[in-house]
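Worksheet: one structure, shown below.
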Amino acid sequence: MAYDFLVVGAGLYGSVFAREAASRGRSVLVIDRRPHIAGNVYTECVEGIHVHRYGAHVFHTNDLKVWEYVNRFAPFNRFTNSPVANYHGALYALPFNMYTFHRIWGVNTPAEAKAEIARQRQAAHIADHPRNLEEQAISLVGRDIYEMLIKGYTEKQWGRPCDQLPAFIIRRLPVRFTYDNNYYNALYQGVPIGGYTKLVENLLDGIETRLNVDYLADRKALRALAKTVVFTGSIDAYFDYCLGSLAFRSLRFETELLDTPNFQGIAVVNYTDRETPWTRIIEHKWFEFGKDRQGNDIGKTVISKEYSLEWDRNCEPYYPINDEQNDRLYMRYKELAQAEKNVIFGGRLGEYRYYDMDQVISAALAAADKVCR
Ligand code: UDP
């Protein structure tokens with residue numbers, strides 16, 4: 001065998017695992033079926049702007065170890081995500097905080113906001129343990145905000161009614177009774193200066209990487225190259241969908257270079273009404289404050305309209321749909337995975353989990369630690 005590890009997928013999980021294995025003296029080959037590294041955090045430089053080709057990524061974590069780890073491979077800027085919601089042309093602050101409550105109900109104090117939410121929760125007769133996303137949302141922020149800022153966006157994003165979606169999805173968003181538009185509660189937050197591709201390039205520095213190589217299309221020959229395979233593609237694809245397909249949501253982007261310096265004045269605008277066909281518009285330059293590497297203002301801008309769609313085997317999976325049915329199917333695939341000798345399944349697709357970037361990195365560090373011990 002030529003290598004200790006064959007890492008399938010040069011995204012965050014694969015790159016961190018590869019780095020850790022290599023730094024412990026193991027031989028590693030990384031392959032990816034795409035023509036570029038970095039998986040879905042891939043950024044591409046257009047007119048000095050780092051364009052997030054597979055959707056906006058803002059790094060945030062409470063885990064100091066992970067924060068220090070990523071900062072070893074790229075300096076991070078101080079970007080703080082504070083998107084606004086556009087509902088039928090009117091703008092509201094996100095996440096749900098005192099600015100939002102003031103704008104919608106005219107309340108000024110946390111006590112008034114809490115009282116209004118409690119009143120709406122009671123009127124909706126929500127049980128103590130919300131059974132789905134709709135009940136969870138009304139319980140957290142009341143019916144007005146659910147109707148204006150959650151329902152339409154969520155149903156576009158997931159292609160399912162809110163009462164058929166798991167409650168945990170909406171608990172990703174903070175609800176806070178302070179005047180604070182920071183989308184995350186994490187202690188540490190930012191975007192890698194020079195783009196995520198640079199971060200991954202630095203992780204993979206000195207590690208043999210082959211692009212345009214599809215493991216599943218040539219698995220016999222590739223499997224023979226290494227003692228252990230680290231597979232970061234979809235777990236159901238690995239097993240030829242033998243138990244059926246896991247459901248994912250996919251995305252489509254319409255990206256344009258505009259000859260104007262400022263299109264929407266902020267990195268992310270969510271379109272929360274049902275009628276607007278896209279879920280959000282990203283203006284990429286604002287992740288880096290509209291400046292180029294020399295600190296000069298960039299005269300043009302790049303925007304991406306993001307559309308959510310149901311995944312099929314011809315498109316890229318982005319979001320696992322962790323409802324009960326799919327989680328049950330995943331558990332059956334997991335049993336197959338556990339019986340598979342010397343193969344590690346990792347990342348959003350390999351573990352079928354709605355992971356954030358820091359969780360992916362933490363899982364990859366732990367896996368590398370375990371197998372290289
Ligand atoms: N969400 C919403 N309105 C918004 C933003 C988010 O209802 O304006 C809900 C929606 O259900 C979404 C979930 O919150 O799927 C999680 O949002 P997040 O921003 O974490 O999604 P991601 O960045 O992973 O696409």
Scope region 62-77; condition within 20 Å of residue 39 (Cα to Cα), open to solvent by less than 40 Å² (accessible area, probe 1.4 Å) and either outside any strand (DSSP E or B) or among the hydroxyl-bearing types (Ser, Thr, Tyr) (or both); matching residues: 66, 69, 70, 73, 74
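Conditions (1) of a type in the set (Val, Ile, Thr); (2) more than 15 Å from residue 49 (Cα to Cα), marked per residue:
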| site | (1), (2) |
| --- | --- |
| 237 | no, yes |
| 240 | no, yes |
| 251 | no, yes |
| 274 | no, yes |
| 281 | yes, yes |
| 289 | no, no |
| 299 | no, no |
| 309 | no, yes |
| 347 | no, yes |
Could you tell me how many of the residues in region 69-98 are within 23 Å of residue 113 (Cα to Cα) and within 13 Å of the ligand (Cβ to nearest atom)? 13
Subset of region 34-61, residues part of a strand (DSSP E or B) and open to solvent by 40 Å² or more (accessible area, probe 1.4 Å), comes to 44, 45
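Table: residues versus (1) in contact (Cβ under 8 Å) with a residue 24 or more places away in the chain; (2) among the aliphatic types (A, V, I, L, M); (3) out of contact with any Asp or Glu (no Cβ under 7 Å at 6 or more places or on another chain).
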{"residue": "2", "(1), (2), (3)": "yes, yes, yes"}
{"residue": "5", "(1), (2), (3)": "yes, no, yes"}
{"residue": "10", "(1), (2), (3)": "yes, yes, no"}
{"residue": "26", "(1), (2), (3)": "yes, no, no"}
{"residue": "40", "(1), (2), (3)": "yes, no, yes"}
{"residue": "52", "(1), (2), (3)": "yes, no, yes"}
{"residue": "63", "(1), (2), (3)": "yes, no, no"}
{"residue": "66", "(1), (2), (3)": "yes, yes, no"}
Filter pass, residue 72 being closer than 30 Å to residue 364 by Cβ and without any contact (Cβ under 8 Å) to a residue 40 or more places away in the chain: yes
Restricting region 21-33 to residues that are assigned to a loop (DSSP other than H, G, I, E, B) and either in contact with a helix residue (DSSP H, G or I) (Cβ under 7 Å, 6 or more places away or on another chain) or open to solvent by 30 Å² or more (accessible area, probe 1.4 Å) (or both), which is nearest to residue 257 (Cα to Cα)? 33
Taking region 128-168 as the search range and keeping residues that are in a helix (DSSP H, G or I), free of Cβ contacts under 8 Å to residues at least 24 places away in the same chain and not small (Gly, Ala, Ser), which one is nearest to the ligand (Cβ to nearest atom)? 154
Take residue 101 and tell me if it is under 25 Å from residue 264 (Cα atoms), more than 23 Å from the chain's Cα centre (by Cα), outside any strand (DSSP E or B) and at pLDDT 95 or above. yes
Consider residue 182 against the criteria (1) touching a helix residue (DSSP H, G or I) at 6+ places or on another chain (Cβ under 7 Å); (2) under 25 Å from residue 77 (Cα atoms): it satisfies all of them except one. Which criterion is unmet? (1)
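Here is a yes/no grid of residues against (1) outside any helix (DSSP H, G or I); (2) among the aromatic types (Phe, Trp, Tyr); (3) closer than 25 Å to residue 190 by Cα; (4) open to solvent by 60 Å² or more (accessible area, probe 1.4 Å):
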| position | (1), (2), (3), (4) |
| --- | --- |
| 327 | no, no, no, no |
| 333 | no, yes, no, no |
| 337 | no, no, no, no |
| 341 | yes, no, no, yes |
| 362 | no, no, yes, no |
| 365 | no, no, yes, no |
| 370 | no, no, no, yes |
Cβ-Cβ below 6 Å, separation at least six or inter-chain, first residue in region 349-373 and closer than 23 Å to residue 322 by Cα, second outside any helix (DSSP H, G or I) and among the aliphatic types (A, V, I, L, M): which pairs? 352/246; 367/344
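Would you check if residue 353 is among the basic types (Lys, Arg), farther than 21 Å from residue 270 by Cβ, more than 16 Å from the ligand (Cβ to nearest atom) and open to solvent by 20 Å² or more (accessible area, probe 1.4 Å)?
Numbers: among the basic types (Lys, Arg): yes; farther than 21 Å from residue 270 by Cβ: yes; more than 16 Å from the ligand (Cβ to nearest atom): no; open to solvent by 20 Å² or more (accessible area, probe 1.4 Å): yes.
For residue 353, the condition - among the basic types (Lys, Arg), farther than 21 Å from residue 270 by Cβ, more than 16 Å from the ligand (Cβ to nearest atom) and open to solvent by 20 Å² or more (accessible area, probe 1.4 Å) - is not met.
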Extreme residue, nearest to residue 92 (Cα to Cα), among residues of region 270-298 that are open to solvent by 30 Å² or more (accessible area, probe 1.4 Å) and among the aromatic types (Phe, Trp, Tyr): 271
Looking at the structure I just gave you, is residue 125 at positive phi and free of Cβ contacts under 8 Å to residues at least 24 places away in the same chain? yes
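The values are calculated or read from the model by the stated rules, or taken from the named source; none is laboratory data. Bear in mind that the values here come from a model prediction, so they are computed numbers and not experimental data. Virtual Cβ from ideal backbone geometry, glycine too; neighbours counted across all protein chains shown. Side chains are part of the model used for accessible areas, which takes the heavy atoms of the whole protein and leaves out ligands, DNA and RNA. Shrake-Rupley method; radii C 1.70, N 1.55, O 1.52, S 1.80 Å.
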